[in-house]
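Have a look at the structure below before the remarks.
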Amino acid sequence: MPNAIRIHANGGPEVLQWEQVPVGDPGPGEARVRHTAVGVNYIDTYHRSGLYKIALPSGLGTEAAGTVEAVGAGVEWVKPGDRVAYCGGPLGAYSEARVMPADRLVKLPDGVSDRVAASSMLKGLTVQYLFRQTYKLKAGDTILFHAAAGGVGLIACQWARALGVTVIGTVGSDEKAALAKANGCTHTIVYTRENFVERVKALTGGKGVPVVYDGIGKDTFPASLDCLMPRGMWVSFGNASGAVPPFDILMLSQKGSLYATRPTLATYAAARADLNAMAADLFDLVRAGKIVSEPRQTFALKDAADAHRALQSRATTGATILLP
């Protein structure tokens, strides 16, 4: 019987339990996948802690890569033996094998390994919708991206470089600044000793940037708004430091007729055709060598609690995966 990480109560990493879980045959529209690599993402800590409410007991994890073992009735777009990856869908990626809705599976092309897919599906598709849909970047733009040395941040820096976009990135240390720069970040701001608003204004001649991509949340709000030029857009796509508090919408008018949005990958990739198109966009850049997303940390699947501790202590850079 396959093993999986399960939680029976919300809390810290100690609530992650290694258990045997029965995995049956796939039903109509489903596929059974044997995992080879599992992605670790900050949203997993939100589900574990209870910040994002889920029914308990529950599996955990939203991203993985592996091989299709069996398909149910009506499934024609994947078949046994196909290498696939996914992000989103029902929780439960922290497992050796599972049954998934087959329409959430994306076939992996040659040149994209399972480990790279598990490192980049959620993070890369997040960057895809942020850069190509939420605020469509073009060559010559200058942006502010918080946590530029994180898993999403490193892909964002590389994608921006491929687009000819200048990135101002916040990081937590000189080591992370060097890593972000090596991946395409043009200017780094070590937020632990520098005022990022002042630095952004200095780097842009006082104008500010047209868009701020903010996955940090509470610690960078409302200062992120002060980095924007008039009619700029604040894109809040995560809350690693805690949720953004409620705020008076008049603040947006007072700071320059600003836009604010809180997008999610689940919305942008809800339709299978959109999911496939977004993945193709990402994989084209990976195969061209313009995005390199090898995992920087690996843990055994049964040691998922250690991976969560490392992630939340900000001891990690880039992507982390679990190996079944």
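What is the dipole size for the stretch 1-148, taken about its Cα centre, with +1 at each Lys and Arg Cβ and -1 at each Asp and Glu Cβ, in debye to the nearest 20? Working shown, then result.
Working: 15 positive and 14 negative charges, 82 e Å.
Computed charge dipole of the stretch 1-148: roughly 400 debye.
Shape summary: the stretch 1-100 maps onto an equivalent ellipsoid whose semi-axes, from the alpha-carbon gyration tensor, are 25, 13, 12 Å in decreasing order. Among the listed pairs 107/176; 107/290; 53/207; 136/176, a Cα-Cα separation exceeding 29 Å is found for 107/176; 53/207. Of the DSSP H helices in the chain, those with a Cα length along their own long axis of 15 Å or more and a mean Kyte-Doolittle hydropathy reaching -1.0 comprise 114-129, 151-163, 272-287. Taken as Cα centroids, the stretch 100-127 and the stretch 1-72 sit 16 Å apart, rounded to the nearest whole angstrom. With the charge dipole of the stretch 46-128 set up from +1 on Lys and Arg Cβ and -1 on Asp and Glu Cβ about the Cα centre, the Cα lying farthest toward the positive end among the listed residues 101, 78, 60 is that of 60. A dipole drawn for the chain from +1 and -1 charges on Cβ atoms has a positive end, and of 246, 267, 31 the residue lying farthest that way is 246. Below 14 Å, Cα to Cα, which aspartates and glutamates can residue 255 reach? Residues fewer than 8 away in the same chain don't count. Those aspartates and glutamates meeting the cut-off are 226.
Size of the dipole of the chain about the Cα centre, Lys and Arg at +1 and Asp and Glu at -1 on the beta carbon, nothing else charged, in debye to 20? All intermediate terms of the calculation are to be shown ahead of the outcome.
Working: 33 positive and 28 negative charges, 136 e Å.
Around 660 debye, computed over the chain.
For Cα Rg over 2.2 N^0.38 Å, the candidate list reads (i) 1.26; (ii) 0.99; (iii) 1.13; the entry that matches the value derived from this model is (ii).
In a reduced charge model with +1 at each Lys and Arg Cβ and -1 at each Asp and Glu Cβ, the stretch 139-262 shows a dipole moment near 180 debye about its Cα centre.
Would you mind telling me the antiparallel percentage of the DSSP bridges in the chain, rounded to 5? List each step's numbers first, then the result.
On the way: 29 of 52 bridges.
So the antiparallel bridges in the chain amount to around 55 percent.
Only helical runs count toward this figure. For the chain, summing -39,500 (n - 2.57) over DSSP H runs of n ≥ 4 and dividing by all residues gives -8000 deg cm²/dmol at 222 nm. Considering only 150, 178, 227, the residue lying farthest towards the positive end of the dipole of the stretch 139-262 is 227, judged by Cα position with unit charges set on Cβ.
Taking Cα atoms of the stretch 139-262, Rg/Rh with Kirkwood Rh, to two decimals?
On the way: Rg = 13.4 Å, Rh = 14.2 Å.
Rounded to two decimals, Rg/Rh equals 0.94.
Tell me the net charge near residue 97. Cut-off is 9 Å between Cβ atoms, residue 97 excluded, with +1 for each Lys or Arg and -1 for each Asp or Glu. Summing Lys and Arg as +1 and Asp and Glu as -1 gives +1.
Place a point 7 Å from the Cα of residue 139 along the Cα-to-Cβ direction; which residues of the stretch 164-179 have their backbone N under 18 Å from it? The answer is 164-167.
Since every read-out is calculated from the coordinates, none of them should be taken as a lab result. Please read all numbers here as calculations on a predicted model, not as lab measurements. Cβ atoms come from the backbone with ideal geometry, glycine included; neighbour counts cover every protein chain shown.
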